[in-house]
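Encoded as structure tokens, the structure appears first; notes follow it.
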Amino acid sequence: MFSRRRFLRSVATVPVFLPAAKRTLQQFHFLESPQSISWAAEPDKLTPGEAAYWKKVRSDFLIPSDEAFFNTATLGSMPRSVVEAFTTSATELAATVAHWDYKPEHPDWFTGYRNYPVLMGKLAKLIHCDPDEVCTTQNATFGMNFIAQGIDLQAGDEIVQTDQEHPGGSCGWLERAKRHGAVYRKVELPSPPNDPDEIVRRFAAVINSKTRVLAVPHMTSMLGIVLPVKRLTALAREKGARHVFVALDGAQAIGHIPLDMRDLGCDAYFSSPHKWLLAPAGSGLLYIKRDRQKEIWTTLASAAWADMDKGAYRFMQYGTGNLSVLKGYEAAIDYHENLGPDRVTRRIKQLGDYLRGEIQNIKGTTILSSVHPEMCAGITTWRVEGVSGEAMVDTFWNNRKIRVRSMGGKNGVRQSTHIYNNEAEIDSMLVLARELAAQQGEVSKGE
Ligand SMILES: Cc1ncc(COP(=O)(O)O)c(C=O)c1O
């Protein structure tokens, strides 16, 4: 228990200067031996074998052992092998750039002018499509804009989105609507978002024969709701205009839940693998189904902008880029494949379910995310009633170096569970959550 004074002190937004900030880069060198786990309790929810496995996985990460990082939905932490691939490539390029003779057999040392077939092959395998249907971009925002800016739209065509879009999933569509007289329509998602049928019904009430574009998140940004996108895609084909184009915003999905483009049936899909796939920042993915590619103009046009034969490659004509990012990106896919995508998803969800189950038992808290088994995974947005998201963030970090992300005021905090998290970290956070809720209960009783 902590006192009212200490509670008030802990929620004040005073900048704290942490020892971590003073650590030298050398201490984070990838060859350094893993630090031992210092979380008090060993997770008793797992078999000893599972606990040992995930403890070993935790040692693949550079996050100090006394810090708990629950903000993967913003940016994931790269495992050592990814940091190593990224930095080795950067070092090699800096040291040996004079050896680059531009002969065809020498690999290009920057991106933006040539393809990277090995990476496209690995991405295609991971998301179940053909290599010429996928290309790399910088992030989901690029992917959304490449589709939104590249598609032909007539005045009166309707674009359908949800009321919970991230700007990186929606602003290109808003711009197109304004510039070209398209009609922008928003479907309000239910709150709490626990009924997939209700979501489909709400879309069915809006999609009609003028619907030219359905552009929705596979997983929403703020609440992490896994939308029934396969059903929504089928609905758009059934009720929308003959050439309805379905673009899914999967920024939060890759590395988090299984992805199968053939099964989803969408026309385009974009994502930010620097979140859950743990790739370097600036790693993006854009998928466009082969038979719909000709409908999308190239927005960033350079050398191969009109080369329709090479598929999605023409969307990678963005001039000189950073090969080291792509080397790290490839290493992130390898890391993910080595662990096993299904195992990763299971662990993310196991931790998310554990977190949600425990929060539901704390009086004075509310889960804003979905708790429907098909619509939740590793993102849980929740609040302690009467405590702002910012105050929760400060309480968790200042007291126990636990990093969650504020969703602003009454929207509480977004807590992402990934393979570098564990039950002991969640338990540690729950101690503070219970204290906050109890303290808040006392405050409201006294009012
Ligand atoms: C659903 C969704 N779409 C798009 C984005 C934008 O991602 P990025 O900044 O990597 O382009 C985000 C970022 O959080 C997101 O959650």
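Among the strands (runs of 3 or more DSSP E) confined to region 227-332, the ones with at least 1 residues that are of a type in the set (Ser, Thr, Tyr) are located at 268-271, 284-288.
Conditions tested, residue by residue: (1) buried (at least 22 other Cβ atoms within 10 Å of the Cβ); (2) assigned by TED's automatic domain parsing to the domain that holds Pro193; (3) among the aromatic types (Phe, Trp, Tyr); (4) under 26 Å from Met78 (Cα atoms).
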position: Ile359; (1), (2), (3), (4): yes, no, no, no
position: His372; (1), (2), (3), (4): no, no, no, no
position: Lys410; (1), (2), (3), (4): no, no, no, no
position: Asn421; (1), (2), (3), (4): yes, no, no, yes
position: Ile426; (1), (2), (3), (4): yes, no, no, yes
position: Arg434; (1), (2), (3), (4): no, no, no, no
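Listed here are the residues, each with its yes/no results for (1) within 28 Å of Asp66 (Cβ to Cβ); (2) over 21 Å from the mean Cα position of the chain (by Cα).
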{"position": "Ile367", "(1), (2)": "yes, no"}
{"position": "Gly389", "(1), (2)": "yes, no"}
{"position": "Thr395", "(1), (2)": "yes, yes"}
{"position": "Arg400", "(1), (2)": "yes, yes"}
{"position": "Arg403", "(1), (2)": "yes, no"}
{"position": "Ser406", "(1), (2)": "yes, no"}
{"position": "Gly409", "(1), (2)": "no, yes"}
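Report whether or not Lys186 is in the same structural domain as Asp132 (by TED's automatic domain parsing) and within 23 Å of Asp291 (Cα to Cα). Criteria not met by Lys186.
Conditions tested, residue by residue: (1) at pLDDT below 90; (2) in the same structural domain as Ala281 (by TED's automatic domain parsing); (3) within 16 Å of the ligand (Cβ to nearest atom).
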{"position": "Thr111", "(1), (2), (3)": "yes, yes, no"}
{"position": "Met120", "(1), (2), (3)": "no, yes, no"}
{"position": "His128", "(1), (2), (3)": "no, yes, no"}
{"position": "Thr136", "(1), (2), (3)": "no, yes, yes"}
{"position": "Asn139", "(1), (2), (3)": "no, yes, yes"}
{"position": "Asn145", "(1), (2), (3)": "no, yes, yes"}
{"position": "Ala155", "(1), (2), (3)": "no, yes, no"}
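Thr74 falls short on exactly one of the conditions (1) in the same structural domain as Ala247 (by TED's automatic domain parsing); (2) β-branched (Val, Ile, Thr); (3) under 20 Å from the mean Cα position of the chain (by Cα); (4) not in a helix (DSSP H, G or I), and that condition is (1). Counting only residues that are in contact with a Pro (Cβ under 8 Å, 6 or more places away or on another chain) and within 14 Å of the ligand (Cβ to nearest atom), which one in region 242-274 is farthest from Pro217 (Cα to Cα)? Within region 242-274, the match that is farthest from Pro217 (Cα to Cα) is His274.
Looking at region 102-215, the strands (runs of 3 or more DSSP E) lying wholly inside it that each contain 3 or more residues that are over 21 Å from the mean Cα position of the chain (by Cα) sit at 158-162, 183-187. Looking at Pro193, Pro167, Pro104, just one residue is more than 16 Å from Met316 (Cβ to Cβ), surrounded by fewer than 15 Cβ atoms within 10 Å (Cβ to Cβ) and within 16 Å of the ligand (Cβ to nearest atom), and that residue is Pro167. Among residues of region 157-178 that are within 20 Å of Leu235 (Cα to Cα), those with a beta-carbon under 7 Å from a residue that is among the hydroxyl-bearing types (Ser, Thr, Tyr) and surrounded by fewer than 22 Cβ atoms within 10 Å (Cβ to Cβ) at least six positions away or on a different chain give the pairs Ile159/Tyr184.
Do we have any residue at all in region 285-301 that's surrounded by 19 or more Cβ atoms within 10 Å (Cβ to Cβ), closer than 16 Å to Ala140 by Cβ and within 14 Å of the ligand (Cβ to nearest atom)? Yes, region 285-301 contains at least one residue that is surrounded by 19 or more Cβ atoms within 10 Å (Cβ to Cβ), closer than 16 Å to Ala140 by Cβ and within 14 Å of the ligand (Cβ to nearest atom).
Pairs meeting the criteria (first residue in region 248-262 and at positive phi, second residue within 13 Å of the ligand (Cβ to nearest atom) and part of a loop (DSSP other than H, G, I, E, B), beta carbons under 7 Å, at least 6 apart or on different chains) are Gly255/Pro273; Gly255/Trp276; Gly255/Leu277.
The values are calculated or read from the model by the stated rules, or taken from the named source; none is laboratory data. The model shown is predicted, which means the values in this text are computed figures rather than measured ones. In this analysis, Cβ positions are derived from the backbone assuming ideal geometry, glycine residues included, and neighbour counts consider all displayed protein chains.
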